[in-house]
């Protein structure tokens, strides 16, 4: 049994978490460069918490330039066991309306300009992301959102596009009609993949801001409308987050879904052939098995 440390990565509109005891912004250095920002740490209802604004305070990182590897390494480095991504998304479903939340369970990764793994030449590993989010952590997010009276959807496929531009009408129709996606955003990949490699439980709370560009009654994405919806969503997201310590508790057993043991049989490179420089860089992310 270990201490629970809840990590929150806040997307557009969520730049801080209020109410933390002993709150302070900490600078965390990683072998992958600097994270998006300092990390706000503290205690909420007896449980340790850490908050990182994905785009940095002041929104200085685009979806492509977010330092995903540094962010996940930094969270692991300060002991995060359970990581919740709070992200603004567009919707492909009439019933998933702006202001609703979706607790995502699947992803389709269409990004192409980002480093997607901690591993590579000199140290090869393959983790499973058949179930890319943690069922236990998803259940906690569902219960927290329900308790807050948030209009909620249990499960959904999140299409992750490169951005920073929004979808064309043809793309939006394809993702909705041919691929069966439910929501679209720009940030949760490779974040979810890296969290799995770092053996951190991960869940996504998708906050719907718009209908992308497919909806005949809403037309193209309007950034002014998105910003208006973001404000209300951010308040609901903070309320959801404040319920998580009570649901997850201060003490943590092994994850019943195996997220915290994802590297158990994943590393394929013979110990004698492993690049010592890469091994050193992975001392925190994969030190348990290396």
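The values are calculated or read from the model by the stated rules, or taken from the named source; none is laboratory data. Worth saying up front: this structure is predicted, and the values here are computed from it rather than measured. When we count neighbours, we look across all protein chains shown, and the Cβ atoms used for this are built from the backbone with ideal geometry, even at glycine.
Regarding residue 139, is this residue in a helix (DSSP H, G or I), surrounded by fewer than 22 Cβ atoms within 10 Å (Cβ to Cβ) and within 20 Å of the chain's Cα centre (by Cα)? Yes; evaluated as a whole, the condition is true for this residue.
Taken residue by residue, segment 65-86 has at least one member that is surrounded by fewer than 19 Cβ atoms within 10 Å (Cβ to Cβ) and out of contact with any strand residue (DSSP E or B) (no Cβ under 9 Å at 6 or more places or on another chain). If I ask for residues that are more than 17 Å from the chain's Cα centre (by Cα) and either surrounded by fewer than 24 Cβ atoms within 10 Å (Cβ to Cβ) or under 13 Å from residue 71 (Cα atoms) (or both), which ones from segment 176-202 would you list? The answer is 176, 177, 178, 179, 180. Being more than 24 Å from residue 2 (Cβ to Cβ), surrounded by 22 or more Cβ atoms within 10 Å (Cβ to Cβ), touching a strand residue (DSSP E or B) at 6+ places or on another chain (Cβ under 6 Å) and touching a residue at least 40 places away in the same chain (Cβ under 8 Å): is that true of residue 98 here? No; evaluated as a whole, the condition is false for this residue.
Name the single residue that is farthest from residue 86 (Cα to Cα) among those in segment 38-48 being part of a loop (DSSP other than H, G, I, E, B) and more than 20 Å from the chain's Cα centre (by Cα). So the residue we want is 46.
Is it the case that residue 260 is in a helix (DSSP H, G or I), in contact with a helix residue (DSSP H, G or I) (Cβ under 9 Å, 6 or more places away or on another chain) and modelled with pLDDT of 95 or more? So that I can check it myself, show each step before the final result.
On the way: in a helix (DSSP H, G or I): yes; in contact with a helix residue (DSSP H, G or I) (Cβ under 9 Å, 6 or more places away or on another chain): no; modelled with pLDDT of 95 or more: yes.
So residue 260 fails the test.
Is there a residue being modelled with pLDDT under 95, surrounded by fewer than 18 Cβ atoms within 10 Å (Cβ to Cβ) and more than 15 Å from the chain's Cα centre (by Cα) anywhere in segment 6-16? Yes, there is a match, as at least one residue in segment 6-16 is modelled with pLDDT under 95, surrounded by fewer than 18 Cβ atoms within 10 Å (Cβ to Cβ) and more than 15 Å from the chain's Cα centre (by Cα). Considered as a group, the residues in segment 49-58 that are part of a strand (DSSP E or B) and in contact with a helix residue (DSSP H, G or I) (Cβ under 9 Å, 6 or more places away or on another chain) include one that is nearest to residue 72 (Cα to Cα), and that residue is 52.
Please determine whether any residue of segment 252-260 is in contact (Cβ under 8 Å) with a residue 12 or more places away in the chain, farther than 30 Å from residue 18 by Cβ and under 19 Å from the mean Cα position of the chain (by Cα).
Narrowing segment 252-260 to residues in contact (Cβ under 8 Å) with a residue 12 or more places away in the chain: 252-253, 255-257, 259-260.
Remaining after also requiring farther than 30 Å from residue 18 by Cβ: 256-257.
If we keep only those that are under 19 Å from the mean Cα position of the chain (by Cα) as well, we get 257.
Yes, the conditions are met somewhere in segment 252-260.
The combined condition, being outside any strand (DSSP E or B), within 17 Å of the chain's Cα centre (by Cα), under 21 Å from residue 233 (Cα atoms) and modelled with pLDDT of 95 or more, is not fulfilled by residue 35.
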